[in-house]
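Single-structure report; data block below.
The values are calculated or read from the model by the stated rules, or taken from the named source; none is laboratory data. None of the values given here were measured: they were computed from a predicted structure. Using ideal geometry, Cβ is built from the backbone for each residue, glycine included, and neighbour counts are taken over all protein chains shown. Accessible surface is based on the protein model in full, side chains and every heavy atom, while ligands, DNA and RNA are left aside. Shrake-Rupley method; radii C 1.70, N 1.55, O 1.52, S 1.80 Å.
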Amino acid sequence: MSVCQKAHFGLRLTDIECCTGDSIRNPKSLALTPADACHNFHNLMTDRAHQLCTNPACKATYSIDEVRTSCSKCHALLDIAYDWDRLPVPKSMEFFEHRWSTKGAGGSGRLDFSGVWRFRELMPFFRHEDEIVTIGEGRTVLQQADLLARQMNMNPGRLLLQYEGLNPSGSFKDNGMTAAFTHARIVGANRVACASTGNTSASLAMYAGLNEMIGVVFIGTGKISFGKLSQALDYGALTLQISGDFDACLRRVKEIADDPKMGIYLMNSVNPFRLEGQKSIMFRILEARNWNPPDWVIVPGGNLGNCSAFGKAFMELKELGLIKKVPRLAVINASGANTLSELFSRQNLRWDNGNVDCSKIGKLYAAMDESNYYPHTVASAIEISRPVNLPKALRALDFMNGVVREVTDDEILEHRALVARYGFGCEPASAASVAGLRKLQEEGIVGRDDEVVCILTGHELKDPNATVMYHTGVDMKSVQDVAPRSTPTGKIANQPIQVDDDLQSIIKAMGSRG
Ligand code: F0G
């Protein structure tokens, strides 16, 4: 059988083996036809992906089979890196289009159906397709929003909204969870945990429930919206309400996951596999635009995983020669949780080829401690003051010639209402992207004819309190606080557990499951 018959169609093959073990030692690109498709090439990928320290002065590598969230040599964040020369890479992005026609049927159909995994050649860390955990996430919409554009002083056709709220758990987090759960399955984990402002916990709980894994979520008491809390409970996660905020929850869950005795697989965005899945948001935007990058991608910034993933997506597409132009990135903080904005815009902190001036970060965090500062914003999803992906976000801003802005709660609420007014909708944090666009226009940085994609990260129904409060002035949240309480009697009721922000108490509470 010829190489062409065994290799993948439309894929660029350089020195890879085909599925029957034949070796192709021809570094030239091979453009093959769909009829020549071979569906087992993923078997070949075992040693072609690894974990790589993001610190260019360190560059330590670790196997894909290891579970880690930082480099053990220098403690920097990790990337998933690929030996692209030895992997089948599409010759062009059009390669992915044929997957729509499979309609989710057949062997690879469930992967083609997923808006994440139909781009699997661009995140090939798995060994075999069977390992992939998916429920058809990422089938989201890039909507041309001309009515909103008019309100935003943009020309028709220039403003596009990427509705990530259409994911199965209602937020963009599913893009990352499907990838992290795939890795969890590869390494045989069955107890997974995260800290969350709500959406990560909802998504984790959903995938854990679907895969018979034990999910544990750490949330700050009173800090997450009811829509998100209800999901974590309903999908059966052990829900620990810690007396602290997101930053405190993340510190605790990391401490626990770092202890091998606890057997916890960490699902926060320090997990580099999660960010692999989140790259697909950019692939779908390109797909919806016939593979033409927009001028701008605008995204809210919280723990800064999403913008970091976007940067990595474009770095890789550029390296692979799959795109010519890289869009500019705008990351929007809430002014009540503005660490990135403070460091990037006011203190001029930069990636600087990996030489991030950590003393600036240390000083800011020390000042926060000293003044007893806690972030506060109506956009509870991004109420985070110590974003763990900060260095990766700086790298993304560097590569995508990015800017950072912050918007007030009032601006967030007004723009949230404006988005909803013209159909679909989003939760408050998501609307920071549209409010940020307004700011950039007012400053003359974005023009009315620029092509702009705002990422709407979470569904409108995630936080109905914010919506009801905006339209009626009734604060349903405070009503809930004084609402009558009774012991739940449902046969599979899953009550949250209140825990002090104390390691031993948390470990004790976790003992109640698993
Ligand atoms: N928008 C929404 C709706 C979110 O839930 C989050 C993060 C963000 C934006 C910010 O994304 O962290 O990648 O910069 N939510 C996390 C959570 C922190 O726990 O659900 P990021």
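The table below lists the values:
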item: Some residue of region 173-195 being of a type in the set (D, E, K, R), within 16 Å of the chain's Cα centre (by Cα), outside any loop (DSSP other than H, G, I, E, B) and within 16 Å of the ligand (Cβ to nearest atom); result: yes
item: Count - residues of region 78-94 that are in a strand (DSSP E or B) and either open to solvent by 50 Å² or more (accessible area, probe 1.4 Å) or aromatic (Phe, Trp, Tyr) (or both); result: 1
item: Only listed residue being at pLDDT 95 or above and either within 28 Å of the chain's Cα centre (by Cα) or loosely packed, with under 15 Cβ neighbours inside 10 Å (or both), chosen from Thr46, Thr61; result: Thr61
item: Count of region 214-227 residues which are away from the ligand (no atom under 11 Å from the Cβ) and open to solvent by less than 10 Å² (accessible area, probe 1.4 Å); result: 2
item: Residue in region 489-511 that is within 16 Å of the ligand (Cβ to nearest atom), of a type in the set (S, T, N, Q) and within 30 Å of Gly236 (Cβ to Cβ) present; result: no
item: Residue match in region 330-346 (condition: touching a residue at least 40 places away in the same chain (Cβ under 8 Å) and of a type in the set (Lys, Arg)); result: no
item: So Phe218, is it over 29 Å from Gly104 (Cα atoms), at pLDDT 95 or above and in contact with a helix residue (DSSP H, G or I) (Cβ under 9 Å, 6 or more places away or on another chain); result: yes
item: Residues of region 273-291 satisfying the condition of being open to solvent by 10 Å² or more (accessible area, probe 1.4 Å) and either without any contact (Cβ under 8 Å) to a residue 40 or more places away in the chain or hydroxyl-bearing (Ser, Thr, Tyr) (or both); result: Asn290
item: The lone exception for Arg448 - which of (1) under 16 Å from Leu159 (Cα atoms); (2) within 15 Å of the ligand (Cβ to nearest atom) it fails; result: (2)
item: Residues satisfying the stated conditions in region 49-77, i.e. of a type in the set (A, V, I, L, M, F, W, C), closer than 15 Å to Met123 by Cα and not in a loop (DSSP other than H, G, I, E, B); result: Ala49, Leu52
item: Residues (more than 12 Å from the ligand (Cβ to nearest atom) and either closer than 14 Å to Ser230 by Cα or surrounded by fewer than 24 Cβ atoms within 10 Å (Cβ to Cβ) (or both)) located in region 196-211; result: Met206, Gly209, Leu210, Asn211
item: Hits in region 372-384 - residues which are within 25 Å of Pro300 (Cβ to Cβ) and either of a type in the set (Gly, Ala, Ser) or open to solvent by 40 Å² or more (accessible area, probe 1.4 Å) (or both); result: Tyr373, Tyr374, His376, Val378, Ala379, Ser380, Ala381
item: Test: Ala145 is within 15 Å of the ligand (Cβ to nearest atom) and either crowded, with 24+ Cβ neighbours inside 10 Å or within 30 Å of Arg448 (Cβ to Cβ) (or both); result: no
item: Among (1) polar (S, T, N, Q); (2) assigned to a strand (DSSP E or B); (3) away from the ligand (no atom under 14 Å from the Cβ) - the single one Gln162 does not satisfy; result: (3)
item: Single unsatisfied condition, Gly362 versus (1) free of Cβ contacts under 8 Å to residues at least 40 places away in the same chain; (2) crowded, with 19+ Cβ neighbours inside 10 Å; result: (2)
item: Residue among Glu319, Glu342 that alone is modelled with pLDDT of 95 or more, over 19 Å from the mean Cα position of the chain (by Cα), within 16 Å of the ligand (Cβ to nearest atom) and among the acidic types (Asp, Glu); result: Glu342
item: Some residue of region 472-481 being modelled with pLDDT of 95 or more and closer than 30 Å to Ala193 by Cα; result: no
item: The listed residue being open to solvent by 70 Å² or more (accessible area, probe 1.4 Å), under 33 Å from the mean Cα position of the chain (by Cα) and of a type in the set (S, T, N, Q), out of Gln495, Gln480; result: Gln495
item: Among residues of region 451-466, those that are surrounded by 20 or more Cβ atoms within 10 Å (Cβ to Cβ) and more than 12 Å from the ligand (Cβ to nearest atom), counted; result: 3
